[in-house]
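The values are calculated or read from the model by the stated rules, or taken from the named source; none is laboratory data. Remember, it's a predicted structure, so these values are computed and weren't measured experimentally. Neighbour counts are summed over all protein chains in view; Cβ atoms, including those assigned to glycine, are modelled from backbone coordinates with ideal geometry. These area figures cover heavy atoms from the full protein model, side chains too; ligands, DNA and RNA do not enter into them. Shrake-Rupley method; radii C 1.70, N 1.55, O 1.52, S 1.80 Å.
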There are 2 protein chains.
Amino acid sequence: MSVTETDVRWLTAEQQQWWRSYLQGTARLTEALSRQLETDSGLSLNEYEVMVRLSEAEGRTMRMAELASSLVHSRSRVTHTVARMERRGLVERRACASDGRGINAVLTDQGMAALVEAAPGHVRAVREHLVDRLTDDQMRALGEAMQHVAPDVDAV
Amino acid sequence: MSVTETDVRWLTAEQQQWWRSYLQGTARLTEALSRQLETDSGLSLNEYEVMVRLSEAEGRTMRMAELASSLVHSRSRVTHTVARMERRGLVERRACASDGRGINAVLTDQGMAALVEAAPGHVRAVREHLVDRLTDDQMRALGEAMQHVAPDVDAV
DNA sequence: CCCGTGTCGTTCAACTTTCTACTACACTGG
DNA sequence: CCAGTGTAGTAGAAAGTTGAACGACACGGG
């Protein structure tokens, strides 16, 4: 039997409803968080995420590719982002001792300070727009559901 | 009492964990869906979303601003997106009879055809990466959680 | 040792999104 | 009927992202 239009497994009405809610919700949330960060701290959400990762890494240092895969960004994108941040003194780039191809991105003291200053407002916004509107059970359900997303194998 | 560092209501370890899962999950999901659409249908996720909205509207027609708020995009962004799509014959722009300022975006037959062709693959990807990995309860929980996101009042 | 293959990070150009300003029209109150 | 104010959509430049190609280095097999 050939695959025809009727063989498509469409979403049920319910599934579609929740899927739409998800789409709109993420869009609104991202929008709100970006705006807050940009307005209050002059940082983009991406830059903030970079700083968070670096701040938690050993020696506030990560390889570019590691940063990219953790952010689910292309290597090219991370190159640009880090370059911009370096110009502003938020991060530094250092050759990697153990791998001649590698570059380590390091969060500078200034970058760390910027993160410390930006964090409370960001966390407040995350609470305001999402966390505080959900019970702990709902928040866990949300997180657990999203953990089921397939890791993208063939990323750029 | 002044607001000091210690007054910040940080996320609990658990909340932070779910929040991270959410962030990574959405990133991966968006990435996967964009790639699938781009590869299989030559459409961006945004263009696809525009077409979905239009296809469901009365007369396959929507006002630009309506489209913008439904997509949670800026009006400017929608202007550009629709302009590009118009050049490809997917949509048309028509003056709005009832409001001299307004423009109606209309999904063309060609646009509808493109949507019909792209939809099965997209739905399959949504299932593969998310829906089929969740129980119906989990999917509902996800949708319900995201419905609690505050509608962004002061959007651009 | 060195070749083939693969990874790392960057570059450049094309493309998309954002930001700000602007024109045109709508609507309300005097 | 006509300010004043607000909304709809656009334009153009600046900023960010993508995708492909590239040089540099790593690494295993012959």
With everything on Cα atoms, drop me the angle between helix A:45-56 and the longest principal axis of chain A, reported from 0 to 90° to the nearest 10. 60 degrees
Taking a probe of 1.4 Å, how large is the accessible area per residue of the protein assembly as shown, in Å²? 53 Å²
If you wrap a convex hull around the Cα atoms of the protein assembly as shown, how much volume per residue is inside, in Å³? 180 Å³
Efficiency by 1/(1 + (r/R0)^6): what FRET value for B:Q17 and A:D7, r their Cβ-Cβ distance, R0 = 41 Å, to the nearest 0.05? 0.55
Can you list which of the chymotrypsin sites (Phe, Trp or Tyr not before Pro) found in the range B:1-93 are DSSP loop residues with at most 15 other C-beta atoms within 10 Å? B:W10
Kindly provide the pair-distance distribution of the range A:22-71 built from C-alpha pairs, with 10 Å bins from 0 and whole-percent values in order of increasing distance. 24, 40, 31, 5
Using only protein heavy atoms and a 1.4 Å probe, how much accessible area in total is buried between A and B, to the nearest 100 Å²? 5900 Å²
Heavy-atom accessible area of the protein assembly as shown with neighbours in place, 1.4 angstrom probe: carbon+sulfur share in percent works out to 49 percent
The orientation-averaged projected area of the Cα convex hull of the range A:44-131, in nm², is 5.9 nm²
Between the Cα axis of helix B:13-41 and the main Cα principal axis of chain B, the angle (0 to 90°, nearest 10) is 20 degrees
Can you compute the radius of gyration and Dmax for chain A, using only the Cα atoms, both in Å? 19.4, 64
Please determine, in degrees from 0 to 90 and to the nearest 10, the orientation of helix A:75-87 with respect to the longest principal axis defined by the Cα atoms of chain A, where the helix direction is its Cα long axis. 40 degrees
At most 12 other C-beta atoms within 10 Å and a DSSP loop state: those are the exposed trypsin sites (Lys or Arg not before Pro) I care about. Give me the longest piece of chain B that has none. B:10-100
Please compute, for peptide B:68-75, the average count of beta-carbon atoms on other protein chains lying within 10 Å of each residue's beta-carbon. 2
